[in-house]
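For reference, the structure is listed below as C-alpha cells.
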Amino acid sequence: MAALHAPASMNENAMGNTPPMSVLFFDDDRVDRLRLDRCCRKIGLQFTGTDAATLGELKEAIDRTSFNLIFLDYHVGGDTGLDALAMVNAHANQSAATPIMATSVAERDIIIEAMRGGCVDYLVKDEIGEERMKRAVLLAIERNSYEATLAKERAEQARLAKAVECLSTTAAPDLREQVDDLLTRVEAIGTADDGADETRESLGALINTIRNLSAEMADILSCLVNSGANSPNPDGSDRVSRPI
C-alpha cells in the first residue's frame, strides 16, 4: 500500500511562498524514494509526500489523491515509467499533476519519449542535487500555475458562452418581438384618418425610431449568435501547448 510522508516544512528563503504541494514518489527502490524526498525538503519545498512502489500502488494513490507533482522512476520491476505516465495522463483526478521522470542514466530516447508524454523535466538519479531538483520543481510550479490560470479561463469562457446562448435564444428574440409589436401598433395609429397632422408627424418620428431600434436589435441578435459560435471551446480542445 502506498505510504504517506509527514508534511515537509518550507524554508524561509527557498521556493517562494507557494502553497503546500501534494507529491507522489513512484519508485520500487526505497532508498531512491527517500533521496528524492530528502532533496525536495532541502530546497525548501512545502509538500505532503506519498510513496508508491508498484503500478497497483500508483493506481491506489492517484484514485485517492489529486497530486501536484509526481516523480516517476523509469525502471519499476517489469513495468516502465512510461506505463505509469500513461496511467497518470489518463486519470481524471490528475489533470493538474506535473510528472517528472527519474532515470538511472541519461538515456536520450527515454527522455524524449517522457517529455513528449507530458513530463516537465527529467532527473538522472546519480546526478540529483539541490540545484537540479530546484530547477525541476520550479518548472513544475510554473506548470501548475499555468494550468490553474487556464482552468479559470476555461470556466470564464464557458460562463460567457452560456450567457450568450441564453440571451440569444430567449431575451433578445423576445425583446425584438415586443419592439415589432409596438411598431405595428404605432403604425396603425399613424394611418388612422382622424389623426391630426401634428400627431401624425410625431408618430412618424416615433415609428422611425422604433424601426431603427428593431434593426439594431436584429444586429445585436446576429452578433450574439456569431459570438456563441466562435467562442473558444470550454472543453479545452482549443488549448495552447503547455510550457515546458
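Nothing in this text is a laboratory measurement; each read-out follows from the coordinates by a stated rule. Owing to the predicted nature of the structure, the values given are computational and were not obtained by experimental measurement. In this analysis, Cβ positions are derived from the backbone assuming ideal geometry, glycine residues included, and neighbour counts consider all displayed protein chains.
With a simple spin-label model that places each label point 7 Å from the Cα along the Cα-to-Cβ direction, the separation between ALA158 and GLU60 comes to 3.2 nm.
Computed about its Cα centre, the charge dipole of the stretch 63-133 is approximately 220 debye, with only Lys, Arg, Asp and Glu carrying charge at their Cβ.
Centre-to-centre, using Cα atoms only, the stretch 83-138 and the stretch 13-74 are separated by 12 Å. Taking amide hydrogens as placed 1.01 Å from N in the peptide plane, the amide H of ASP51 sits under 5 Å from those of ALA3, LEU4, HIS5, PHE25, each at least 5 positions away in sequence or on another chain.
Model label points for ASP29 and ASP126, set 7 angstrom from Cα along the Cα-to-Cβ axis, are 1.0 nm apart.
Highest mean packing first, where packing is the average number of other Cβ atoms within 10 Å per residue, the peptides 144-153, 90-99, 45-54 line up as 45-54, 90-99, 144-153. Counted residue by residue at 0.36 nm each, then reduced by the alpha carbon distance between them, the extension gain from LYS42 to SER104 reaches 20.2 nm. For the stretch 31-118, the list of GluC sites (Glu not before Pro) that fall in a loop by DSSP and count at most 15 other C-beta atoms within 10 angstrom reads GLU107.
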